1. Give the cross-link partners of LYS161 among the aspartates and glutamates, using a straight C-alpha distance below 18 Å as the criterion and excluding same-chain residues fewer than 8 apart.
2. Give the angle, between 0 and 90 degrees and rounded to the nearest 10, that separates the Cα long axis of helix 79-94 from the longest principal axis of the Cα atoms of the chain.
3. Compute the angle between helix 266-275 and the longest alpha-carbon principal axis of the chain, please, reported from 0 to 90 degrees and rounded to the nearest 10.
4. Calculate the spin-label point distance for TYR36 paired with ILE200, positioning each point 7 Å from the Cα along the beta-carbon direction, and give it in nanometres.
5. Step through the table entries LYS159/LYS197; LYS163/LYS210; LYS22/LYS69; LYS45/LYS163; LYS69/LYS120; LYS22/LYS82, compare each Cα-Cα distance with 21 Å, and write down the pairs that go over it.
6. If Lys and Arg each add +1 and Asp and Glu each add -1, what is the summed charge of the other residues whose beta carbon sits under 14 Å from the beta carbon of ASP232?
7. Among LEU52, LEU261, rank each residue by its count of other Cβ atoms within 10 Å, from fewest to most, as a rough exposure measure.
8. Any chance you could give the angle, 0 to 90 degrees and rounded to 10, that helix 239-253 forms with the longest Cα principal axis of the chain?
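FYI, it's all coordinate maths here, none of it is from the lab. Please read these numbers as outputs of a predicted model, since none were measured by experiment. Neighbour counts are summed over all protein chains in view; Cβ atoms, including those assigned to glycine, are modelled from backbone coordinates with ideal geometry.
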Amino acid sequence: MKCMSVYVGFEELKNLYDEDKKITKEIWKEKYYLKYKKVFDAMLKYLYFTDLDNLLIYVETTDFDKLIKNSEEAIKNGYISKILSLIDRAKEILNFNEDFDVYFLIGFNHIDGTSLMSDKPFLYFGLERLIDENINILVPHEFNHLVRNFRYKEFDTKKLKFKDYMIYEGVATYFSIYFLDINPKNEAMALFIPQEKFEILNKNEDEIKKDIINLLNIEMDNQIMMNYFTYDGDKKLKQGYYIGLKIIEELVSLGNNIIELTYMNSDDILNLYFKNQ
């Protein structure tokens, strides 16, 4: 029988911190990283685009006291059970019945949730960030990633291209809209950006699209991730997410189903899109 295994890495980190109110990078590596190596290694490869030594820099500059308190609040407010309930609903909608793991860990206040390539599919949620996130959007978004990871293993390569990441995020963003039956006018919510910033993207859609079309076959790196898939309230407005979402919206408007698109690889989705241009 297929199952979902759940791991909560709160007490281990809290106990490490309580010992002397400081967590060294050596202790974190030995007592926390090694236990959840699969998760942190995937984030290093596919999100941070760096190695463990660079991640360890964050250990001694992180306010773990604050992050532990935020995590404790999330647990007391029932976020874990709420997330697991949302996962069950997403499983049903996408008819996904494979084995996978769910990790609730304390990170460095960088990542609210993610699903990345691994020998066994997994979801990660940063306990320290949950009280400030809309989990009703976050969970279906990340679960959609998990399904695509399992089906196509798109991210199981060092030569991940811009087009793969853009479609990966576009499909997941639209699925969260579908999941909640959100009015399309509220797409900003699904992108986790303010409405006024979303309007800027709308106003410049054609220009942004022209820029991004030239990047489709460029290999992903940390700089591209920062420029096109992060938000800073100024110039970085998740343009990669936005165009990915617009592509999926257009395909759905032409009669394609988001569930079918979830199980379709990036190249097939783009070929379908360009065929209708």
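1. GLU169, ASP211, GLU219, ASP221, ASP267, ASP268
2. The angle comes out at about 30 degrees.
3. 20 degrees
4. Computed distance between label sites ILE200 and TYR36 equals 3.3 nm.
5. Going by Cα-Cα distance, LYS159/LYS197; LYS69/LYS120; LYS22/LYS82 fall outside the 21 Å limit.
6. Values: positive: LYS197, LYS235, LYS236, LYS238; negative: ASP234.
Within the 14 Å Cβ shell, the charges total +3.
7. Numbers: LEU52 14, LEU261 22.
Ranking LEU52, LEU261 by Cβ neighbours within 10 Å, fewest first, gives LEU52, LEU261.
8. For helix 239-253, the angle is close to 50 degrees.
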